[in-house]
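Engineer: Have a look at this one.
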Amino acid sequence: MANLTCDIRLNSKLTPEQREKYQNIQTVQDILKSSKTIAIVGLSTESTKASNMVASYLQDEGFTIVPVHPKASEILGEKCYPSVADIPFPVDLVDIFRPPHEIPEIVEQSIKNGAKAIWTQLKIVNFEGADLAQAHGLNVVLDKCIKMEHGRFGGMLHWAGMNTELISAKRRAV
């Protein structure tokens, strides 16, 4: 039987050099350790959407989430803001669930807010925005799921292979 293991890095469109710059393991760990308040841009009101599940997980793990949604007044019991520019206090991290072309504007708002880091979820990549953030001293992670990375480095997904960056359909030997 063929080995059904795959390397999850193959799912990224980033080159090895870009992965080192925008998916650096030390940067990921530093952001996760230092962030307490996370603005989630594009947080859905629907509990079945990925952004809502990620935000709920982060709340359960002790993070303060700040929903950013242009039409909602409250999500997951937290007051919503129409944009990062409307948040009246600094946040540690801006986690983005929006199309790539919106990233530069969100980054500009994040810089003005005083955020320390930008994180874009899986398949969301905009190098212009990422480079702008880094030029202003912000840490940047592109094309990664913060929930998966938190679980991976927190030891909660280890037996499933997430800490090795390998996913396998092969049964574990017991």
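The values are calculated or read from the model by the stated rules, or taken from the named source; none is laboratory data. Here the structure is a predicted model, which is why all the values come from computation and not from measurement. Backbone-built Cβ (ideal geometry, glycine too); neighbour counts: all protein chains shown.
Engineer: Please determine, by comparing only the residues of the stretch 78-126 that are acidic (Asp, Glu) and assigned to a helix (DSSP H, G or I), which one is nearest to SER51 (Cα to Cα).
Structural biologist: Among those that are acidic (Asp, Glu) and assigned to a helix (DSSP H, G or I), it is GLU102.
Engineer: Suppose we filter the stretch 67-90 for residues that are surrounded by 15 or more Cβ atoms within 10 Å (Cβ to Cβ) and in contact with a Gly (Cβ under 8 Å, 6 or more places away or on another chain); how many remain?
Structural biologist: The number of residues fulfilling the criteria is 2.
Engineer: Another question about this same structure. So which residues in the stretch 98-113 are over 15 Å from the mean Cα position of the chain (by Cα) and β-branched (Val, Ile, Thr), if there are any at all?
Structural biologist: Within the stretch 98-113, ILE111 is the sole residue that qualifies.
Engineer: Does ALA39 meet the test of being of a type in the set (A, V, I, L, M, F, W, C), assigned to a loop (DSSP other than H, G, I, E, B) and out of contact with any Gly (no Cβ under 9 Å at 6 or more places or on another chain)?
Structural biologist: So ALA39 fails the test.
Engineer: Filter the stretch 107-143 for residues that are over 18 Å from LYS36 (Cα atoms), at pLDDT 95 or above and among the charged types (D, E, K, R) and give the result.
Structural biologist: Within the stretch 107-143, GLU108, LYS112, GLU128, ASP131, ASP143 qualify.
Engineer: Further question: If a residue must be in contact with a helix residue (DSSP H, G or I) (Cβ under 7 Å, 6 or more places away or on another chain), of a type in the set (A, V, I, L, M) and either modelled with pLDDT of 95 or more or over 15 Å from LEU122 (Cα atoms) (or both), how many such residues does the stretch 11-36 contain?
Structural biologist: Total satisfying the criteria: 2.
Engineer: When you go through ILE8, ILE40 one by one, which is the residue that is within 18 Å of VAL141 (Cβ to Cβ), among the β-branched types (Val, Ile, Thr) and at pLDDT below 95?
Structural biologist: ILE8
Engineer: Please work out which residue is modelled with the highest pLDDT, limiting yourself to the stretch 47-77 and to residues that are assigned to a loop (DSSP other than H, G, I, E, B) and under 12 Å from PHE97 (Cβ atoms).
Structural biologist: Restricting to residues being assigned to a loop (DSSP other than H, G, I, E, B) and under 12 Å from PHE97 (Cβ atoms), the top hit is HIS69.
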